[in-house]
Amino acid sequence: MTASRTALRIVVLLLLLACVLLLRRPLFSQAITAAPTRFSVVIEGVAPGKGPDVLLIPGLASSREVYDAEAKLLTSTYRLHLIQLAGFAGEPAGPNATGPIFAPVVEQLHQYIVLNHLQPIPVIGHSMGGLLALMLAQAHPEDVSKLLIIDTLPFYGLVFNPAATVESVASQAKATHDQFIAIPKEQFAASSPTYTNRLVKDPEGQRLVSASSIASDRTVFANAMLEDLGTDLRPQLATIKTPMTLLYPYETAQGPADQVTALYTTAYAAKPNLKIIRIDDSRHFIMYDQPIAFDKAVQAFLKP
């Protein structure tokens, strides 16, 4: 009798333990899928496990919509994780409203990749999004299988002067930041098309880029721009072993092609495992100006 009661108690205890674990499982599942606060994610494409995952990061003041045309070509085969930073293109600023932006975003990208079991994942980044992708690969190389970087320099100040340093552009960058915030809303909206038209040739692309800029939180926009100008990854490039493809645009109006090429090749001279591809007749937003060439490069990059 005692033995049977003991056995019964053990069975009851095991059943109770199983019930507790079942009750806790949704809580654990909720914890690992908690939404990031520094950015939002829209997932498109095939169901989990039915195709490779890809992470896409847009640039400064940009919406995830910059990848819309390309996403339509990829969603039948891939599972896309489309990022948009808080404060950009109408997204509420959240914690990006104050303090550093880049490092916290990189850490939340790392958390998102780990908690959703995406390691290692191909990462595509445009402009500032490319810089964030490089920072992620440098801080957490296990997260990233390969990088596709679209018109990103490891130090943005090189656009103004090939000999520029963070220190040499600091005062000008801060003055630009302050002026940028001080511009009245109406004046900023009126001048935005003039600025964005230098970044994209395609008329519809111009409209979309301008709308994203106008809809961005001005403080987040300006602070991210200032942080970009204060970030120089060139000293870390040699340590970033992740295979990388760099796309850069070229227009004849820029001057001799070899001079433009030299800007990128010199900036990335220390980066191992690097492939550089020039996209002709395009400005900064290659995906709008040369969508066919852009898709060809993306498809080639994503192939095993």
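The values are calculated or read from the model by the stated rules, or taken from the named source; none is laboratory data. Here the structure is a predicted model, which means the values were calculated and not measured. Ideal geometry is used to build each Cβ from the backbone, glycine not excepted, and the neighbour counts take in all protein chains shown. The area values use the complete protein model at the heavy-atom level, side chains included, leaving out ligands, DNA and RNA. Shrake-Rupley method; radii C 1.70, N 1.55, O 1.52, S 1.80 Å.
Points worth noting:
- Rounded to the nearest 10 degrees, the angle from helix 166-182 to the longest Cα principal axis of the chain is 90 degrees.
- The chain: Lys pairs at Cα distance under 12 angstrom, eight or more positions apart or on different chains: 4
- Counting heavy atoms of the protein chains alone, residue 250 has an accessible area of about 30 Å² for a 1.4 Å probe.
- Angle between the chain longest axis and helix 185-196 axis [Cα atoms, degrees, rounded to 10]: 80
- Overall form of the stretch 94-198 per C-alpha gyration tensor (a/c, 1.5; a/b vs b/c): prolate
- Each Lys and Arg adds +1 at its Cβ and each Asp and Glu adds -1 at its Cβ; summed about the Cα centre, the chain shows a dipole of about 1240 debye.
- Solvent-accessible area, 1.4 Å probe, carbon plus sulfur percent, for the stretch 113-175: 59
- Listed options for P(r) over Cα pairs in 10 Å bins from 0, in percent are (1) 6, 23, 25, 21, 15, 8, 2, 0; (2) 6, 25, 33, 20, 6, 4, 3, 2, 1, 0; (3) 6, 25, 31, 23, 12, 3, 0. The value calculated from this structure is the one marked (2).
- Just so you know, the averaged projected area of the alpha carbon convex hull for the stretch 128-180 sits at 4.7 nm².
- Largest accessible area first, the residues 77, 196 order themselves as 77, 196 under a 1.4 Å probe with ligands, DNA and RNA left out.
- Inter-label distance for residue 265 and residue 37, nm, one decimal - labels placed 7 Å from Cα along Cα-to-Cβ: 4.7
- Sparse-neighbourhood loop sites, trypsin sites (Lys or Arg not before Pro) in the stretch 146-206 - DSSP loop, at most 14 other Cβ within 10 angstrom: 198
- Crossing angle, helix 203-215 versus the chain [Cα axis fit, 0-90 degrees, rounded to tens]: 70
- Reducing the stretch 186-201 and the stretch 245-268 to their Cα centroids gives an inter-centroid distance of 24 Å.
- Farthest toward the positive end of the dipole of the stretch 226-304, out of 239, 256, 284, is the Cα of 239, where the dipole comes from beta carbon charges about the Cα centre.
- Per-residue ellipticity at 222 nm from helix content only, as computed over the chain with -39500 (n - 2.57) for each DSSP H run of at least four residues, stands at -15000 deg cm²/dmol.
- A 1.4 Å probe run over the protein chains yields, for the chain, 50 Å² of accessible area per residue, whole-number rounding.
- Seen through its C-alpha gyration tensor, with square-root eigenvalues sorted a ≥ b ≥ c, the stretch 215-304 comes out rounded because a/c lies under 1.5.
- Judged by the ratio a/c of the largest to the smallest principal axis of the C-alpha gyration tensor, the stretch 140-232 counts as oblate, that ratio being 1.5 or greater while a/b is no larger than b/c.
- Per-residue extension of 0.36 nm, minus the Cα-Cα distance of residue 182 and residue 115, leaves a gain of 20.1 nm for this segment.
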